[in-house]
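Peer 1: My questions will all concern the structure given below.
Any read-out appearing in this document is the output of simple, stated calculations on the displayed coordinates, not a laboratory observation. Being a predicted model, the structure only gives us computed values, none of them experimental. In this analysis, Cβ positions are derived from the backbone assuming ideal geometry, glycine residues included, and neighbour counts consider all displayed protein chains.
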Amino acid sequence: MQPFQKEVSLKESRMDEKELIGRVQHGDEMAFAEIVRIYKDKIVNFLWQLTGDYQRAVDLSQETFMRVYFKARKYKPIAPFSSWVYSIASNLAKTEMRKIRRFSTVSLDDVKNKIADNSSLRNSQNDDLSQALHDALRALHPRYRIPLILKDVEGFSQEEIAEILKKPVGTIKARISRGRVYLRKELEKKEIDINHEKKKMENQYGRVESF
């Protein structure tokens with residue numbers, strides 16, 4: 001009985017969303033506000049994972065929803081609405097990341113300083129692992145980072161990602177596979193860096209205690 005109820009609730013949710021989209025296409029601002037409520041946190045998190053900057057993610061999410069509102073009439077219910085929204089957010093993120101890459105040297109220095117600060121203040125392996133994973137994702141080229149986040153963080157299928165990014169499924173599958181390989185290599189490098197930093201801190205604390 002419970003699986004049946006869950007299936008019904010999912011269908012009702014999709015119907016409600018379809019109705020909301022139809023109302024937005026006719027300029028209903030209350031319906032648009034509900035769409036924003038449903039997707040805001042998901043889109044902000046997605047953009048934050050891509051850019052590594054929360055405020056930038058918030059700004060890009062606002063731009064995403066502005067485009068959703070003004071381009072609502074262009075949406076065709078062939079693909080899921082969520083795919084269309086993520087497609088808009090993804091395109092905005094790609095443009096923004098091209099700008100970020102021009103200043104990557106400065107931002108990487110800032111990240112290293114934050115890692116050192118967090119390690120000395122919190123001394124937490126979980127913090128190190130979380131930071132290392134975040135930095136490793138940031139180090140990936142967007143062509144691998146975006147499909148990898150859509151698949152492993154947002155939970156989209158390869159077919160849905162292909163629709164979002166307007167690429168063949170085979171291309172998406174290959175990029176996810178390569179992205180995971182590159183991510184693993186980046187994490188291995190980060191682990192070496194983190195262990196090196198920990199040893200330096202231990203040496204420093206040792207000298208302080210002996211003093």
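Peer 1: Just checking, how many residues over the stretch 67-84 are closer than 14 Å to ALA162 by Cβ and among the basic types (Lys, Arg)?
Peer 2: The total comes to 0.
Residue by residue, here is whether (1) in contact with a Leu (Cβ under 7 Å, 6 or more places away or on another chain); (2) in a helix (DSSP H, G or I); (3) buried (at least 16 other Cβ atoms within 10 Å of the Cβ) holds:
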position: MET30; (1), (2), (3): no, yes, no
position: ALA33; (1), (2), (3): no, yes, no
position: TYR39; (1), (2), (3): no, yes, yes
position: PRO77; (1), (2), (3): no, no, no
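Peer 1: Then there's this: Can we say TYR86 is under 16 Å from LYS151 (Cα atoms) and in a helix (DSSP H, G or I)?
Peer 2: Against the criterion (under 16 Å from LYS151 (Cα atoms) and in a helix (DSSP H, G or I)), TYR86 qualifies.
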